[in-house]
Each structure stands twice: as structure tokens, then as C-alpha cells.
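What follows is a short report on a single structure.
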Amino acid sequence: MRKVLFLLAVFTTLASAFMFQSVPPSKAKILQTGKEARYCSNCGMDLVMFYRTNHAAKVDGKQKEFCSLHCLAEVINSGAKISDIKVVDAKSLKWIDATKAYYVVGSKVKGTMSRISKYAFANISDAREFQHLKGGKIMTFKQALKVAQKDFAR
């Protein structure tokens, strides 16, 4: 078991050097608890590997975490009672209120669980800087959620 955890830590650290979404495990703050806490409560993907696109919410009163807005949208579409939605600020790596975030949607940076990337920022200036370097359109949470929900219309 120790070898598996060691290899997982090494892989995640290496991935953080190549994938924008990834961070070293020491920089990720996982909000959900339990033996599966490190994995998306919807699809099972590694939350540290896709940390910069992580979202969290209370789902039917229980804290859940998601690898992406895509996975959160799927749970919202299911009719679950959702509250207290948070997102990781792609610059500071801190959790912020998703409804107050500035999302850069459709940049050249690879997305998580979707062809259309969605990265959130606490500050409009950080969102504009990212947009200037990587493209995309700045949106509110509601607008970005609508884009994510289109993935399920097919």
C-alpha cells in the first residue's frame, strides 16, 4: 500500500509539471472527507491532478468535491439539492465562492472532462491576464455553468 501511495504522489508531482490543472499534493486542499476524499464524487478522477478546475458544493447537505464544472453540472442536472458552491482560484489555488468568480471559458489551456476549458479566478485582473495569454471569454458562474450543461444536451 505504501508503494502505491508513493507512486501516486510521484505521478501527481510529475503531472503538475506538464498539466496546468495539476498541482503538487502539498498545495491541494481537499474539502470532502472519507477514504475516497481525493477523488471526484461524480466520476472518480483524481482531485489533485485536476485541482485547478475543482469545484465543491453541499449536495443534499453533504460536502462533495468535483474535478470540474462539468461534473458539478451533471449533479445539478440530476435535481440534487445544491448549496454553497465553491471553486479553486486558478491563480492562488484557494477556494472561493463560485458565484463571485470570473471564469475564463474556452481558452487554449486544456479543460477537464470537456473540450471547452473553464478556469475560475477571484480577481477580474487575473482573469484578464489569463485571457490575454491563453484566449477564451470571461464569464460569470451562471454563464460558465450554462456552457458546461450543454455537454449533456447531446
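A short reminder: the numbers here are calculations on the coordinates, not readings from a lab. Values in this document were obtained by computation on a predicted structure and should not be read as measured data. Neighbour counts run over all protein chains shown; Cβ positions are idealised from the backbone, glycine included.
Show the residue pairs that are 6+ apart or on different chains and have beta-carbon atoms under 7 Å apart, the first residue being within region 136-154 and at positive phi, the second being of a type in the set (A, V, I, L, M, F, W, C).
Gly136/Val104; Gly136/Val105
If Ser125 meets every condition in (1) surrounded by fewer than 14 Cβ atoms within 10 Å (Cβ to Cβ); (2) touching a residue at least 40 places away in the same chain (Cβ under 8 Å); (3) among the polar types (S, T, N, Q) apart from one, which number is that one?
The number of the failed condition is (2).
Take Ile116 and tell me if it is out of contact with any Ser or Thr (no Cβ under 8 Å at 6 or more places or on another chain), surrounded by fewer than 22 Cβ atoms within 10 Å (Cβ to Cβ) and assigned to a loop (DSSP other than H, G, I, E, B).
Yes, satisfied.
Filter region 26-60 for residues that are assigned to a loop (DSSP other than H, G, I, E, B), under 18 Å from Phe130 (Cβ atoms) and not hydrophobic (A, V, I, L, M, F, W, C) and give the result.
Asn54
Scan region 75-98 and tell me whether some residue there is of a type in the set (Asp, Glu), closer than 22 Å to Cys40 by Cβ and surrounded by fewer than 18 Cβ atoms within 10 Å (Cβ to Cβ).
yes
Output the number of the condition that Lys110 fails; it satisfies all remaining conditions of (1) under 25 Å from Gly44 (Cα atoms); (2) in a helix (DSSP H, G or I).
Status for Lys110: all satisfied but (2).
Quick check on my filter: what residues within region 38-63 are under 17 Å from Pro25 (Cα atoms) and either crowded, with 21+ Cβ neighbours inside 10 Å or in contact (Cβ under 8 Å) with a residue 12 or more places away in the chain (or both)?
Answer for region 38-63, where residues must be under 17 Å from Pro25 (Cα atoms) and either crowded, with 21+ Cβ neighbours inside 10 Å or in contact (Cβ under 8 Å) with a residue 12 or more places away in the chain (or both): Cys40, Met45, Asp46, Leu47, Val48, Met49, Phe50, Tyr51, Arg52, Thr53, Asn54, His55.
Given the structure, is Val23 in a strand (DSSP E or B) and crowded, with 19+ Cβ neighbours inside 10 Å?
no
Test of understanding: among Lys146, Lys142, Lys86, which residue is outside any loop (DSSP other than H, G, I, E, B) and in contact with a Phe, Trp or Tyr (Cβ under 9 Å, 6 or more places away or on another chain)?
On the way: Lys146 fails: in contact with a Phe, Trp or Tyr (Cβ under 9 Å, 6 or more places away or on another chain); Lys142 fails: in contact with a Phe, Trp or Tyr (Cβ under 9 Å, 6 or more places away or on another chain).
Matching residue, one of Lys146, Lys142, Lys86: Lys86.
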